[in-house]
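Okay, so here's the structure we're looking at.
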Amino acid sequence: MRSDNNGTLPIVHEVIYPDELLHILKDTIDKNNQIYEDYSKNKIQLDYLIKALDPLLKIREEGLTFPNIDITQIPDGNTVKEVKLDIRDEKLIFKCIDIQQKLLAKVFG
C-alpha cells in the first residue's frame, strides 16, 4: 500500500496487492469454481477460496481503514481519505466472493 498525503488532507492511499497473491487467487478460482451436489467437494473448494482470498482482504482492510486522527475540527464536506483501487484486482476479488456465496448456499442452504 502506498500513501501520498505528506501530512495533508485528503489522505490518499493506493492499495497494491502483491502479484503473487493475485496469481494464487486466480489459480484457486480457476480450480475451485464448480458447484457440486457433494457437500465435501463444495466445502473443500470453499476452504481453498477462503485461504486464497484472506491475505488480499487483509491488505484491502488496511487501505480502507480510517486513520487514527481527530476529524472533529475538519469542516463538513471535505474529503478526508481517498483510496485508489485497481478495478481488475477488485473484479477478481468479487468473483471469488461470488463463488464463495454460491458454495455457501449449497453447503449450508
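The values are calculated or read from the model by the stated rules, or taken from the named source; none is laboratory data. Treat the numbers as computed from the prediction; the structure is a model and nothing was measured. All Cβ positions, glycine included, derive from the backbone under ideal geometry; neighbour counts span all protein chains shown. Remember, those area values only see protein heavy atoms, side chains included, never the ligands or the DNA or RNA. Shrake-Rupley method; radii C 1.70, N 1.55, O 1.52, S 1.80 Å.
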What pairs can you find where one residue is in segment 19-41 and modelled with pLDDT of 95 or more, the other is surrounded by 10 or more Cβ atoms within 10 Å (Cβ to Cβ) and among the hydroxyl-bearing types (S, T, Y), and their Cβ atoms are less than 7 Å apart, with a gap of 6+ or different chains? T28/Y48; N32/Y48
For segment 76-96, give me the residue count where each residue is of a type outside the set (K, R), assigned to a helix (DSSP H, G or I) and closer than 30 Å to P10 by Cα. 6
When segment 78-93 is checked residue by residue, the ones that are basic (K, R) and either closer than 26 Å to D27 by Cβ or open to solvent by 80 Å² or more (accessible area, probe 1.4 Å) (or both) are K84, R88, K91
